[in-house]
Amino acid sequence: MSAVLPATLPATTPATGDGVWHAAWRRLRSDNVGVFSLAIVAAFLLLILLSSLGVVAGDWQREVGVPDAPPTFIGPRAKSAPTDIAQPTGPDVDLSAVDPLAPRYAEWAAGVAKYRTTEAVKLETLPFGADRLGRDVFAKAVKGSQISIFVGVLAALLATFIGTVLGAFGGFFGGKIGDALEWLYNVFTSIPSILLIFAFAAVAGRGVQSVVLILGLTGWTGIYRLVRAEFIKHSGREYVRAAEAIGAGTMSRMFRHILPNVSHVSLVQLSIHVVSFIKAEVILSYLGLGVGVDQVSWGTMLAEAQGELILGHWWQLAVATVFMAVFVTAFSLFTDALRDALDPKLRGLE
């Protein structure tokens, strides 16, 4: 009997060590759409890191092209400086009578010629076009990704954290704690969300940190309601009572036993809130309550593109929209795949 036990123990050890997250990762790797979406999200996150370090799009404010230049792969013509200072000319015109500074024009032209270069100003080729100031639209979209994704993801994480923690306490404990949290929830939901955001924005001011706090502190209510209902449902189930019987503490039962079984709810809400918060950043930036004037985001690009569309300049709108659509779609698909990987019903089928 003693010879059999050592041979069977190694075979059972991996099964006992295969936790919830390890099993979820194994199922996620088998989802091709989820893995592809994860690769796109990771590429955007890498782009944000490189942009924050100044490796890419560090000079997005530099005027490198002709203002409002359309997308082209050929390259603009070289632009040279003017050759002379304009002077009034005409037959029988006494320049000194017309302009008392006329005798000084020749002297000034000679002085300017000392500092004038004969080389033409070489403008860069902009495959994605330029904005009204001649800045590269692609560089603006890359830099805007850093701000918009940072605001959307971080604000969604903050809102999800607040909603999940408050929902866990309200659903697990109930009683006076649940009543107090329900009162707080009713106060926030009784005010229209857009007015609540504007009220917080008027107090906090504009800036990236302010936008994150505004959206995070006002967007937790829907997550709280769903998580609270899940905790009420799971707190009385057999596996939670068994954990209590073997001596598991309150925090252990809440966050080690119940939370992994309701995490898919938080993940779905996280995905929804990332999308909605990026849209909210667009609205706030358009109204002048979002990021600062010295920064760029997808919201500021769309606000600028609104005026450019009147003149038929569509490329800034198209580039910002494509960047935003690709990230939002990939993030949503990845979150759906991760939700399926963490679904307790799917875990029971293994």
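Here the helices (runs of 4 or more DSSP H) wholly within segment 32-117 that include at least 2 residues being exposed (fewer than 10 other Cβ atoms within 10 Å of the Cβ) and either β-branched (V, I, T) or modelled with pLDDT of 70 or more (or both) are 105-115. Considering segment 324-344, the residues that are over 16 Å from N32 (Cβ atoms) and aliphatic (A, V, I, L, M) include one that is surrounded by the fewest Cβ atoms within 10 Å (Cβ to Cβ), namely A325. In segment 237-251, is there at least one residue being surrounded by 15 or more Cβ atoms within 10 Å (Cβ to Cβ), assigned by TED's automatic domain parsing to the domain that holds F200 and closer than 30 Å to A69 by Cβ? Taking every residue of segment 237-251 in turn, none turns out to be surrounded by 15 or more Cβ atoms within 10 Å (Cβ to Cβ), assigned by TED's automatic domain parsing to the domain that holds F200 and closer than 30 Å to A69 by Cβ.
The single residue among K143, K176 that is in a helix (DSSP H, G or I), farther than 25 Å from V328 by Cβ and either aromatic (F, W, Y) or assigned by TED's automatic domain parsing to the domain that holds S252 (or both) turns out to be K176.
Is there a residue being free of Cβ contacts under 8 Å to residues at least 12 places away in the same chain and more than 19 Å from the chain's Cα centre (by Cα) anywhere in segment 204-218? Give the steps one after another, and end with the answer.
Going residue by residue through segment 204-218, those that are free of Cβ contacts under 8 Å to residues at least 12 places away in the same chain are 204-205, 209-210.
So of that shortlist, the ones also more than 19 Å from the chain's Cα centre (by Cα) come out as 204-205.
For segment 204-218, residues free of Cβ contacts under 8 Å to residues at least 12 places away in the same chain and more than 19 Å from the chain's Cα centre (by Cα): present.
Among the residues of segment 287-308, not a single one is among the hydrophobic types (A, V, I, L, M, F, W, C), without any contact (Cβ under 8 Å) to a residue 60 or more places away in the chain and within 17 Å of A168 (Cα to Cα).
The values are calculated or read from the model by the stated rules, or taken from the named source; none is laboratory data. These numbers come from a predicted model, not from an experiment. FYI the Cβ positions are ideal-geometry reconstructions off the backbone, even for glycines, and counts take in every protein chain you see.
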